[in-house]
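First up is the structure itself, then whatever we jot down about it.
What follows is calculated from the coordinates using simple rules that are stated; it is not laboratory data. Everything numeric in this text was worked out from a predicted model, so none of it was measured. Here the Cβ positions follow ideal geometry from the backbone for every residue, glycine too, while neighbour counts run over all protein chains shown.
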Amino acid sequence: MMKLTKDEKRAIPFLLPGLIVTAILIVYPLFYIVTMSFSDNSFGGGGFAGIKNYVSLFHNPQFPKAIRSTLWWTFGTVVLSYAIGTLLALLINRKSIKLKGFWRGMIFIAWIIPGVVKATTWKWMFQTDGGIINYMLQSLGVISKNIPWLTSSKFALLSVIIVQVWSCAPYVMLMMTAGLQQLPADLYESAELDGATWYEKLLHITFPLLKDISFICILMVLVWAINEFSLIFIMTQGGHDTTTLAMLVYNQFKVLNINLASASAIMQLLITMIFAGIYVRCVVKEDEEE
Amino acid sequence: MKRNTKTIILDILTYIFLATVVVLVLMPLLWIISTSLKPAIEIFQKPPHWIPHNPTVSNYVGVITASEIPRAFLNSFLVGALATFLALALGGSAGYAFARFKFRGNKFLSLFMLISQMLPLTVLMIPMYYMENKMSLVDTRFGLALAHLVICMPLVTWMSRGYFKGIPKEIEESAMVDGATQMQIIGRIILPLIKPSIAATGIYAFVSSWNEFALANVLTRSIQSRTVPIALNEFSTFFKVDWGQTMAAAAIITVPIIVVFLLIQKQFVAGLSAGAVKG
Amino acid sequence: MKYRSKLLSVVLASAMVMGLAACGSSSAGSSSGAADSAEAKTETAADEAKGGEVEWWTPNWDQEVSEQFKAEFEEANPDIKVNLVITDWDTYKSKITTAISTDGAPELVTILLTDVKPFAKKGLLDPMQERGKAAGIDFDDFIEAALDITSYDGEVYGLPFRYDGSGVYYNVDLLKEYGYDTFPETWEEMTAMCDKMLENGQTGFAWPLGNQTNAVTRLVQQIYTYGGQILNEDETEAMLNNDAAKKALTAIVSSVESGYASESSLEYDNNATREAFGAGEIAFNITGPFDSATLDEVYPDLNYATATIPGNGGMGVTTANGWCVSVPKNCPEENKEAAYKFAAFIAQPENQARITATFPASKTSIQDEKFATDILKPFADQLTNSKPEPAYERWAEIEPIIYQYIQSAVSGDMSVDEACEGMNKDVNTLLNS
């Protein structure tokens, strides 16, 4: 038995309940999934199957398309959510803007709406012929022919990205707002005295100081993007190049192919971790440089 | 701050932009309410229209009096409250430990917590079901709340770690010198300092639990524990989907959360700023 | 002030936690139901020794009749207790899959006929012939086509109680306007009629291509009509690039291109096409007999009639499916006898007639007058020219592939030939992986 330091002994009562719950709720299912991904028939108690399941993943004709769609989907939602959310945070935070709480509250509503509700409603609004969006665009004279938002491979992925950004950007906005409010005012004052322009202030003061909170924001949006599946499922059922990895996992599960589903899920987790890892690396590197 | 024309123009542009965004945000909500007030024939009429020609409250009446939604509402609330409470209690104390004490595996475990947030839920469904089945927790609100910890606790732990790191150790140390016990320190000094942070992570946990579908689908069987996202399916049978009632139900379940949020949103923002910055 | 209310809510939450934790660990779990379930528990504790407990997972559209069955059966068998768990269309499959894969599975589940084989192949269902016969089920009374679908490897794994296929609903007044007293009997005659309608801007019909299952079902129906198949006998090779398949896909693509079929087809599912039909937007609609109840309710002024599906030079082929009850292998052994007793009760001809919303799967029952109405008769006729929906082992993986190519072909992203070749290639890759 290792000798516990005084600190460690004091940590135990705080740590233990959380760790136990984590072990049960997370470690066991994770262990189960990993085991399943390396075995054969889950129901008949099959044997060890090596990496057979992972290999057959790559042979699935939908896999390469799914990877491509997932990359576009993830990249699109993360970049757009972060950009729009940050822009909103910066704008509302300006001293001359009134009713800050009102704007923030109203915009945040988009994040709160339950997933099933927003997916079904947007699907309806995006309908080519009977949808309110095309109707309004036509009435305003913006388009002359109805846009097939959900039924053409040109627009389908864009449409689901729009909905995901619509719901994630408000979360980014709120997080970045919180970060902005922490920034020390004197830094800006001295910069202004030195004659800095607004974009110089933005690049050299604001963003570097917001690194940590940006980290959490981007990570969360990233994770939500990779794991999201019910939104796309409800809106397009994966048609027109919108099938992502998460949907493949669900498809396998539906077919009772628990082994393949587990392998897909592990792949999904690994990809998430790779993205996150790359991002952490960038953040940590900059930290060390300072 | 100089209020010259440049600022004023920028302000006006900003307000226009913000107003547009708000309209975009509210559009689906308005569509939901509009549809919920239409009789069945009107719902699919082309061309689509915002104002119902023959508005009716029958959908709301049906949902409130003759459906499972009210009961499901209660279930969702209880499950959410319990999951939030547990996440805050367990995650919060774990976060405190990560922030304050040096021990082996500190970095590893806290990173593990973060990674747990990334787990895909679709495949967690089966092992989660097996576990809860063995413990006879299926179709109970307690069981579902426990399962929801999977999505609530990791982030709460990570954020709590940040908050506590932001509180200078000196405050606690001087209190200890004065003879306060650990519990007293927590109760009298720490908790008041982090109340906004509790609000922030609490809301995140509650809303995540409220909207959660995959685990609730598998772990609930009857109205005893069925939550709102699952109950929404009540209106679609093999033959037809009652959109009017579905939308009325959607309005009923979304509006209260929005109201609650608007009331405490100031806390939320204050709380977020304290916790996430010290990653 | 705000902090105080925050504290209050924390206290409230703790109180709730105490309350919930107290009654949360028993499987009854709800505070208001605690009294009831305590009573029920003492009752069943005594009865369980004798008869058994049957938990039946039945869908929400069958709920009313299911409750009647439960009441009647319990009266006739006081030593058996029946519990209903209501499922819904969107989630029944994933819930049932999870529940029957481990111990403590429900004793009886209502599933689609085509759900049976995949479950049976994984060893999740009980073979029913032996115990079923002992409980009094007459297996010869089931419609063969239906029983075929629920059988695997020489054993029966599901008792069908509902069996139906598609047919045509048409707008009598609209057709009369264009000079048609009855519905065309061949596909060619039907396209001629659509031509006439198109001149006046009236759309003929619509395909439900917005929903994976609906869309692929329609293609399969067309393939069957042209005498084709999806896979070969051994299920090792796809037959999606042969003549029949190409003709089938062409039928769908060309009808949308020329305008006979609504250009909104790519977004419609079965519900939307019914609404379009009810609103007069399309002149006819191909769907199942269950639509009539909804049409009567929402569009009472619509003057409609039904007919068989026109096909290649004669009546077309429809896919048929239906619902059945199965007994999961993993349900408690001591309840199995009771489960079969209840299953036998449901399978009785009179009871099938009560629970089905379309047709029963019993030969004696389907002769009943109530299934011979004007509206229903064409569906019954159509059933004589029907083939079961595909129940291949890997059908659930094949369906999305076919769906994607249907969509590409209809939206013009690729030609019919390209789509069929692509479909065929991908399915073969899947089968060989």
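Worth pointing out:
- Rounded to 10°, Cα long-axis angle of helix C:187-199 versus longest principal axis of chain C: 80 degrees
- Residues C:Arg162, A:Arg94, A:Arg10, arranged from fewest to most other Cβ atoms within 10 angstrom of their Cβ, appear as A:Arg94, A:Arg10, C:Arg162.
- Treating r as the C-beta distance of C:Asp153 and B:Ser222 and R0 as 35 Å, the FRET efficiency rounds to 0.50.
- The stretch C:131-138 - phi-based ³J(HN,Hα) in whole Hz, Karplus 6.51/-1.76/1.60, Gly and Pro as x: 5, x, 4, 4, 8, x, 7, 9
- When the trypsin sites (Lys or Arg not before Pro) in the stretch A:126-223 are filtered for DSSP coil states and for at most 12 other beta-carbon atoms within 10 Å of their beta-carbon, the remaining sites are A:Lys145.
- For A:Ser159, C:Ser151, A:Ser153, order by how many other beta-carbon atoms lie within 10 Å, fewest first: A:Ser153, C:Ser151, A:Ser159
- Nearest-0.05 FRET efficiency for A:Glu189 and B:Gln184, computed from C-beta distance (R0 35 Å): 0.30
- Under 5 Å, built H, 5+ apart or other chain: amide partners of C:Gly52: C:Lys81
- Close amide H pairs (under 5 Å, H built 1.01 Å from N) link C:Tyr152 with C:Tyr157, residues at least 5 positions away or on another chain.
- Sum of side-chain charges, A:Ser153 neighbourhood, beta-carbon under 9 Å (Lys, Arg +1; Asp, Glu -1): -1
- Which of A:Met173, A:Met106 has the fewest Cβ neighbours within 10 Å, and the rest in rising order: A:Met106, A:Met173
- For the set A:Lys65/B:Lys107; B:Lys46/C:Lys370; B:Lys134/C:Lys336; C:Lys363/C:Lys387; A:Lys6/B:Lys134; A:Lys65/C:Lys117, the pairs lying more than 28 angstrom apart at their alpha carbons are A:Lys65/B:Lys107; B:Lys46/C:Lys370; A:Lys6/B:Lys134; A:Lys65/C:Lys117.
- Summary value for chain A: 28 percent relative contact order, contacts being C-alpha pairs under 8 angstrom separated by 6+ residues.
- Every helix of 4 or more DSSP H residues in the protein assembly as shown counts as -39500 (n - 2.57), and over all residues that averages to -19500 deg cm²/dmol at 222 nm.
- Angle in degrees between helix C:34-48 and the longest Cα principal axis of chain C, rounded to the nearest 10: 90 degrees
- With a Förster radius of 25 Å applied to the beta-carbon distance between B:Ile9 and B:Leu262, the computed FRET efficiency rounds to 0.25.
- The value of relative contact order for chain C, using C-alpha pairs under 8 Å at least six residues apart, is 24 percent.
- Span-rule helices in chain B, defined as complete DSSP H runs reaching 24 Å or more along the axis (Cα) with Kyte mean at least 0.5: B:5-36, B:69-86, B:141-166, B:191-211, B:243-276
- Here the label points at B:Phe17 and C:Glu144, each 7 Å from Cα along the C-beta direction, are separated by 7.3 nm in the simple model.
- Net charge of Cβ neighbours under 14 Å - reference A:Leu88; Lys, Arg +1; Asp, Glu -1: +3
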